[in-house]
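Notes for the one structure printed next.
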Amino acid sequence: LRTDLLAAIDAAAGLDALDAVRVHALGKQGCVTVLLKTLGAMSPEERQAAGPRIHGLREAVTSAIAERKTRMEQAVLDARLAAERIDLTLPVDLPPPGNVHPVAQVMDELAEIFADLGFAVATGPEIEDDWHNFTALNIPETHPARAMHDTFYVERIGTSTAGAAQAATDDGGSAAGASERMVLRTHTSPVQIRAMLAAGGDKPVRIIAPGRTYRSDSDATHTPMFHQVEGLVIDRGITMGHLKWTLETFLKAFFERDDIVLRLRPSYFPFTEPSAEVDVGYTIQNGKRVIGGSDGWMEVLGSGMVHRKVIAAGGYDPDVWQGFAFGCGIDRLAMLKYGMDDLRAFFDGDLRWLRHYGFGA
Ligand code: PHE
């Protein structure tokens, strides 16, 4: 019986077959169990002779089954491990890598160029309050410049202050109401005020503020969302000479040319006095305008000496501190540097367009 059982255990093809052998031998009606039961009916002498043999048989069968079971499980595990092995050396299909958008690229270039001149990068909110966007920049409620900015106004809903602000503007716009009103910033100039206030009124400021700006305007050269970079220097004894040198140095570095010629045209901004619009000279090459030389002029930025009222709104004493500021369209700069001609394409997210201008993978 022992040899038969051990052979059956050995021959069991799987866990189910092995369990059948176990039931056949050790189950309630199993042949080994039945043998064990016969011990009770034996005489003491017979039992002494048969007992150890039958118990030995049971132990041998039990441990043979356990051992066989372990080996089967191990085999199953080995098979799974072999089947599920991952070959890390196989080449993988990766999605194409992302690329820096031309606008982001230009922002990075600006930050780098101005960092070399000692400018830090400052930021402000895109949803700005009326005071920072207009009033503090010497654009009072009734100023015509407000109409020129094609402002997007933001309605506040669901807050208790909204009711108060609304009531204030409804009855003709008190000062409190105007400062509560929110707009999508129409330029990066409000960051001038934020940077001055953050500096505390007693130390020089030297920042650029790149970011998104918004005006209700859309054609081949205007998008409702566009990008500007603001520049601001506040210090003692600042003159227009500093402004011109800084702009010249910046534009030479940005366009990577030494033959950059600037032209400062008298202009008007409420927040600078005097103000100057800055043109950069270009030449025509293969029918395209190329920056450098002075066959023609292209307007690239607005600038001027920071108005006394703006210096005061920023918490500085205008009798002690002077400054210059400039504001420049980033999308425009990118178009000029990389030769793109339709501003709207910047925001279409068309990979073919990006690739065409060398920004794709
Ligand atoms: N904020 C002005 C604009 O958006 C540009 C500007 C900035 C002009 C700083 C002068 C000084 O047109």
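The values are calculated or read from the model by the stated rules, or taken from the named source; none is laboratory data. Small disclaimer: the values here were computed from a predicted structure and weren't measured. With ideal geometry, Cβ positions are generated from the backbone for all residues, glycine too; neighbour counts draw on all protein chains shown.
Brief remarks on what is shown
- Search result, residues across segment 284-303 that are of a type outside the set (D, E), closer than 30 Å to I234 by Cβ and out of contact with any Leu (no Cβ under 8 Å at 6 or more places or on another chain): W297, G302
- Test: residue in segment 144-155 that is within 13 Å of the ligand (Cβ to nearest atom) and at pLDDT 95 or above: no
Here is a yes/no grid of residues against (1) outside any strand (DSSP E or B); (2) touching a strand residue (DSSP E or B) at 6+ places or on another chain (Cβ under 6 Å):
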{"residue": "A276", "(1), (2)": "no, yes"}
{"residue": "D279", "(1), (2)": "no, yes"}
{"residue": "I284", "(1), (2)": "no, no"}
{"residue": "K309", "(1), (2)": "yes, no"}
{"residue": "R332", "(1), (2)": "yes, no"}
{"residue": "D341", "(1), (2)": "yes, no"}
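Yes/no per residue for (1) within 14 Å of the ligand (Cβ to nearest atom); (2) more than 27 Å from the chain's Cα centre (by Cα); (3) modelled with pLDDT of 80 or more:
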{"position": "H132", "(1), (2), (3)": "yes, no, yes"}
{"position": "T135", "(1), (2), (3)": "no, yes, yes"}
{"position": "I139", "(1), (2), (3)": "yes, yes, yes"}
{"position": "G158", "(1), (2), (3)": "no, yes, no"}
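- Residues of segment 176-215 satisfying the condition of being polar (S, T, N, Q) and away from the ligand (no atom under 14 Å from the Cβ): S179
- Scanning segment 201-218 for residues that are assigned to a loop (DSSP other than H, G, I, E, B) and among the basic types (K, R), we see that the one that is nearest to D235 (Cα to Cα) is K203.
- Screening segment 311-330 for residues that are more than 9 Å from the ligand (Cβ to nearest atom) and either free of Cβ contacts under 8 Å to residues at least 12 places away in the same chain or outside any loop (DSSP other than H, G, I, E, B) (or both) and picking the one that is nearest to the chain's Cα centre (by Cα) gives I330.
- The number of residues in segment 97-124 that are in contact with a helix residue (DSSP H, G or I) (Cβ under 9 Å, 6 or more places away or on another chain) and either surrounded by 15 or more Cβ atoms within 10 Å (Cβ to Cβ) or part of a helix (DSSP H, G or I) (or both) comes to 18.
- Looking only at segment 268-306, and only at residues there that are modelled with pLDDT under 95 and among the charged types (D, E, K, R), the one that is nearest to the ligand (Cβ to nearest atom): E299
- Output for segment 196-242, where each listed residue is more than 20 Å from L137 (Cβ to Cβ), touching a Pro at 6+ places or on another chain (Cβ under 9 Å) and modelled with pLDDT under 95: S218
- Flag: L247 does not match the condition of being in a strand (DSSP E or B) and in contact with a Phe, Trp or Tyr (Cβ under 7 Å, 6 or more places away or on another chain).
- Hits in segment 92-144 - residues which are aliphatic (A, V, I, L, M), closer than 26 Å to I311 by Cα and without any contact (Cβ under 8 Å) to a residue 24 or more places away in the chain: A115
- Boolean, K288 is in contact (Cβ under 8 Å) with a residue 12 or more places away in the chain, loosely packed, with under 15 Cβ neighbours inside 10 Å and not hydroxyl-bearing (S, T, Y): yes
- Against the numbered list (1) farther than 16 Å from E128 by Cα; (2) in contact with a helix residue (DSSP H, G or I) (Cβ under 8 Å, 6 or more places away or on another chain); (3) not in a loop (DSSP other than H, G, I, E, B), G241 comes up short only at (2).
- Some residue of segment 259-267 being more than 13 Å from the ligand (Cβ to nearest atom), buried (at least 16 other Cβ atoms within 10 Å of the Cβ) and among the acidic types (D, E): no
- Breaking point among (1) modelled with pLDDT of 95 or more; (2) touching a strand residue (DSSP E or B) at 6+ places or on another chain (Cβ under 6 Å), for W245: (2)
- Applying the set (1) over 28 Å from the mean Cα position of the chain (by Cα); (2) surrounded by 14 or more Cβ atoms within 10 Å (Cβ to Cβ) to T239 leaves exactly one unmet item: (2).
- Looking at A276, A195, just one residue is surrounded by 14 or more Cβ atoms within 10 Å (Cβ to Cβ), without any contact (Cβ under 8 Å) to a residue 40 or more places away in the chain, aliphatic (A, V, I, L, M) and within 13 Å of A325 (Cα to Cα), and that residue is A276.
- Note on segment 337-349: among residues that are under 22 Å from Y214 (Cβ atoms) and either acidic (D, E) or touching a residue at least 24 places away in the same chain (Cβ under 8 Å) (or both), the one that is surrounded by the most Cβ atoms within 10 Å (Cβ to Cβ) is F346.
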